[in-house]
Each structure stands twice: as structure tokens, then as C-alpha cells.
Amino acid sequence: MKLPSDLAMQRAAQAWCAANTSHKEMDAELCTAFAVILDHVWNQPWLGNATTKELLDEIATRVDLNYRTVDNDGGQ
């Protein structure tokens, strides 16, 4: 299993910090499982969570290939 990111672990751990759950004992294994799920969801391409390298690669592709998202007439 791939280790979750630090951010996902921090967010998952917040589940034990809410007023209605702070009395529960922290479960590190469950927290890690939540964090793995968070990373999976956050890394879906349609959510726009690209890394800086991915963004730069996309920009370079669009610049080099004259990439267009609309027709040459501007979509009109």
C-alpha cells in the first residue's frame, strides 16, 4: 500500500478533533485508511489537483502545439 501524503494524514486525523468525536481514542490504522481514500479522491484529474510539474507540462504542450480548446473562429 502506498503511504498517504502528510496533508491527507493531517486532514484524516481532524476527524478525531471534532467536538462530537474528540472523546474517541485515535485509531492510527483507520486514520491512514481515511488518508489513502482522501489522496485517491484528491488526485482525480477532474478535480484540478495537478502538481506544479503537471501544470507546466500541460502549458508547454499547449504552447508547443498551438493547442486550442475552441475552434479557430473562437467558437462563435
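The values are calculated or read from the model by the stated rules, or taken from the named source; none is laboratory data. Every value quoted in this text rests on a predicted model; they were computed, and no experiment measured them. So basically every Cβ, Gly included, is an ideal-geometry build from the backbone, and we count neighbours across all protein chains shown.
Just checking, how many residues over the range 17-37 are outside any helix (DSSP H, G or I) and of a type outside the set (Gly, Ala, Ser)?
Qualifying residue count, the range 17-37: 8.
Tell me yes or no: at least one residue of the range 60-76 is assigned to a helix (DSSP H, G or I), surrounded by 10 or more Cβ atoms within 10 Å (Cβ to Cβ), modelled with pLDDT of 80 or more and under 16 Å from the mean Cα position of the chain (by Cα).
no
Mind counting the residues in the range 38-53 that are part of a helix (DSSP H, G or I), surrounded by 10 or more Cβ atoms within 10 Å (Cβ to Cβ) and at pLDDT below 80?
Count: 0.
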